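The next block holds one structure in the form of structure tokens; read it before the comments.
The values are calculated or read from the model by the stated rules, or taken from the named source; none is laboratory data. Model, not experiment: these values are computed from the prediction. Note: ideal-geometry Cβ built from the backbone for every residue, glycine included; neighbour counts use all protein chains shown. Ligands, DNA and RNA are excluded from the accessible area calculation, which covers all protein heavy atoms including side chains. Shrake-Rupley method; radii C 1.70, N 1.55, O 1.52, S 1.80 Å.
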Amino acid sequence: MNLSEIKKIINPKMMDYEGSYHFGESEGESNLEIIFSNGKLYARTEYVDWENNTWVGKSDRRSVEYSNYKIVIEKTEYELSSSDNEKGLVSHYYESVEQNIQHDIQFNPNTNIERPEGKYPEASFVKLTSKELSELSISELKIMRNEIFARKGYIFKAGGKMNNYFSKKEWYKPIRKDVIEFSDIEKHNIELILKLEKS
């Protein structure tokens with residue numbers, strides 16, 4: 001890639017950072033996935049690791065801060081840029097080579113991200129904390145928790161509050177009342193939200 005073709009996107013909004021950005025090659029590759037929800041950015045790294053004689057998909061939450069039109073993830077600063085009309089993240093690295101400072105630029109391209117549906121997509125995207133959830137009311141927590149079920153097509157009680165709420169959502173497709181498989185992220189969030197609802 002010709003570095004001169006990379007153009008910085010001027011004054012990007014926080015929501016413009018949403019996407020899936022590819023890092024590395026072969027066994028060291030991963031995707032940095034970012035979603036924008038309810039005025040915040042949520043980030044995770046998706047990768048595959050060799051475990052118990054098999055490849056296992058992993059997901060690690062990353063802290064992300066937005067300031068001065070840039071984001072900082074785990075102490076690395078990224079700017080939103082484009083190259084050949086492709087959006088990506090640019091990071092700068094400086095190292096001393098034979099008494100000269102060498103400037104390396106890395107461009108990580110974006111691909112479309114599968115964003116969970118609903119008002120609280122973060123509940124199916126990253127493991128949330130009690131501190132984050134304490135900002136929500138009991139009724140908001142209930143919707144967030146049940147939205148995880150709704151995304152899986154859970155059929156709510158006819159005439160109930162959750163059925164009335166989700167049946168108005170275009171993305172909601174009621175298909176099952178039986179056992180639902182949740183991700184580790186979703187299991188964590190359901191359990192944590194339930195505790196907060198009861199406290």
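Which loop GluC sites (Glu not before Pro) in the stretch 3-83, with loop taken from DSSP, have no more than 14 other Cβ atoms within 10 angstrom of their Cβ?
Of the GluC sites (Glu not before Pro), the ones in loops of the stretch 3-83 whose Cβ has at most 14 other Cβ atoms within 10 Å are Glu25, Glu29, Glu74.
Restricting everything to alpha-carbon atoms, can you work out Rg to Rh for the chain with a Kirkwood hydrodynamic radius?
That ratio is 1.04, to two decimals.
Estimate the FRET efficiency between Lys177 and Asp16 by the formula 1/(1 + (r/R0)^6), using the beta-carbon distance for r and 41 Å for R0, to the nearest 0.05.
Rounded to the nearest 0.05, the efficiency is 0.55.
Using only helices, what value at 222 nm comes out for the chain when you add -39,500 (n - 2.57) per DSSP H run of length 4 or more and divide by the total residues, to the nearest 500 deg cm²/dmol?
Mean residue ellipticity at 222 nm (helix-derived): -5500 deg cm²/dmol.
Sorted by accessible area with a 1.4 angstrom probe, largest first, how do Ile35, Ile185, Ile9 fall?
So the residues, ranked largest to smallest area, are Ile9, Ile185, Ile35.
To one decimal place, what Kirkwood hydrodynamic radius in Å is obtained for the stretch 119-169 from all pairs of distinct Cα atoms?
One decimal place: 11.7 Å for the Kirkwood radius.
For the pairs Lys131/Lys169; Lys13/Lys40; Lys58/Lys195; Lys58/Lys198, flag any whose C-alpha to C-alpha distance is greater than 23 Å.
Lys131/Lys169; Lys58/Lys195; Lys58/Lys198
Using Cα atoms only, what is the angle between the long axis of helix 184-198 and the major principal axis of the chain, expressed in degrees (0 to 90) to the nearest 10?
For 184-198 against the chain, the angle is about 50 degrees.
Quick one: pull the percent of accessible area on the chain belonging to carbon and sulfur, 1.4 Å probe, ligands and nucleic acids left out.
47 percent
Just to confirm the number: angle between the C-alpha axis of helix 138-151 and the first principal axis of the chain, 0 to 90 degrees, nearest 10?
80 degrees
Consider just the alpha-carbon atoms of the stretch 159-199 and return their Rg together with their Dmax, both in angstrom.
Taking only Cα atoms of the stretch 159-199, I get Rg and Dmax of 12.8, 32 Å.
Quick check of the Kirkwood formula: for the stretch 30-90, what is the inverse mean of 1/r over all pairs of different Cα atoms, in Å?
13.3 Å
Give the calculated FRET efficiency between Glu86 and His188 to the nearest 0.05, with a Förster radius of 25 Å applied to their Cβ-Cβ distance.
It comes out at approximately 0.15.
Return, for the Cα atoms of the stretch 84-199, the radius of gyration and Dmax in Å, separated by a comma.
In Å, with Rg to one decimal and Dmax whole: 20.9, 73.
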